[in-house]
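Step one of this worksheet: look at the structure below.
The values are calculated or read from the model by the stated rules, or taken from the named source; none is laboratory data. Fair warning: this is a prediction, and the values are worked out from it, not measured in the lab. Cβ coordinates were reconstructed from backbone atoms using ideal geometry, including for glycine residues, and neighbour counts include every protein chain displayed. Only protein heavy atoms, including side chains, enter the accessible area calculation; ligands, DNA and RNA are left aside. Shrake-Rupley method; radii C 1.70, N 1.55, O 1.52, S 1.80 Å.
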Amino acid sequence: MNISNLKIIKASGEKAKFSIDRVAESLRRSGANEELIQKTLEKLKTELYEGITTKEIYNRAFNLLKEDNKTSASKYKLKTAIYELGPTGFPFEKFIAALLSYSGYKTQTGKIYQGKCVTHEIDVEAKTDSKLILIECKFHNAGRNCDVKIPLYIDSRFRDIKNFRSNGENKLTFEEGWVVTNTRFTSDAVKYAKCANLKLLSWDYPKGEGLKDRIDQLGLYPITVSTLLSEREKNFLLSRDVVLCQELINDTFYLDHLGISNPRKKRILEEMRDLCKH
């Protein structure tokens, strides 16, 4: 079919013009070579139709990729894999803490801070010898972005903590407040954060330094990207705070707890090691 004028349905419900170049670029970012990308795109073109959803396009491209290269398929499904850290959002907090931990920070989740007015439970505390960062994580389902109300609300909490810690014996205060989401921020949210000196981190913001970029650069993928682990096995690992493929490589005894056979265990660990190469 002629795909030049094909309209697709985005996760938000909006209609948009289909772009084969965007699909090609997403496949390229997964590490697939050009031959495999072209092969996948040619097969995908035969299955497109007017009104197809972006989710259906993604699922089909993922399955086609998986037939030839499981590691690239795993990287391609990264965005969905982060959605699979839900629905409570707590594994997402653990994931952000783990990313920062592997970046040289000492991290804690769910720490209570006293504010001038009330106490606050902070999602992630990240420390070095000279720096303290407080981070709030906002986990959303597909199609929902972080609007300006979220940084407004979080900024007021950080200000309350700062007001308490800037007095007397509580002189030490934190240098940065972060708001992290697995989706995207609206333009007003970005504008407010810049004005209020809040740092934002989302799927693709800041440009070149978003979540996806950091994960790819560090090779720190969530276990939910695995094409070999079942949903039950992923949930078991998440319930034991194993959120990174790297953590599973370091703690393989969890696979024994799951009763996974040695041949399958070997395949799973090979998949994990391939993903963690960077």
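Side notes on the structure shown:
- Of all residues in the stretch 215-242, those satisfying the criterion of being charged (D, E, K, R), open to solvent by 60 Å² or more (accessible area, probe 1.4 Å) and in a helix (DSSP H, G or I) are E231, R232.
- Checking each residue in the stretch 102-136 for being touching a residue at least 24 places away in the same chain (Cβ under 8 Å), under 18 Å from the mean Cα position of the chain (by Cα) and open to solvent by less than 80 Å² (accessible area, probe 1.4 Å) picks out S103, D123, V124, A126, I135, E136.
- In the stretch 261-278, residue least open to solvent (accessible area, probe 1.4 Å) [restricted to those that are in contact with a helix residue (DSSP H, G or I) (Cβ under 7 Å, 6 or more places away or on another chain) and either farther than 16 Å from D216 by Cα or among the polar types (S, T, N, Q) (or both)]: I268
- The stretch 175-205, subset within 30 Å of N63 (Cα to Cα) and open to solvent by 20 Å² or more (accessible area, probe 1.4 Å), residue farthest from the chain's Cα centre (by Cα): F185
- The number of residues in the stretch 12-39 that are free of Cβ contacts under 8 Å to residues at least 40 places away in the same chain and either out of contact with any Lys or Arg (no Cβ under 9 Å at 6 or more places or on another chain) or open to solvent by 30 Å² or more (accessible area, probe 1.4 Å) (or both) comes to 17.
- Residue under evaluation G219, criteria (1) closer than 24 Å to L152 by Cβ; (2) touching a residue at least 24 places away in the same chain (Cβ under 8 Å), criterion not met: (1)
- Yes/no for L255 being of a type in the set (A, V, I, L, M), in a loop (DSSP other than H, G, I, E, B) and buried (at least 16 other Cβ atoms within 10 Å of the Cβ): no
- Filtered residues of the stretch 124-136 (kept if closer than 19 Å to N197 by Cβ and of a type outside the set (G, A, S)): V124, E125, K131, L132, I133, L134, I135, E136
- Subset of the stretch 137-160 [open to solvent by 60 Å² or more (accessible area, probe 1.4 Å), over 20 Å from the mean Cα position of the chain (by Cα) and not hydroxyl-bearing (S, T, Y)]: K149, L152, R159
- Scanning the stretch 36-59 for residues being within 16 Å of K10 (Cβ to Cβ) and charged (D, E, K, R) gives a total of 3.
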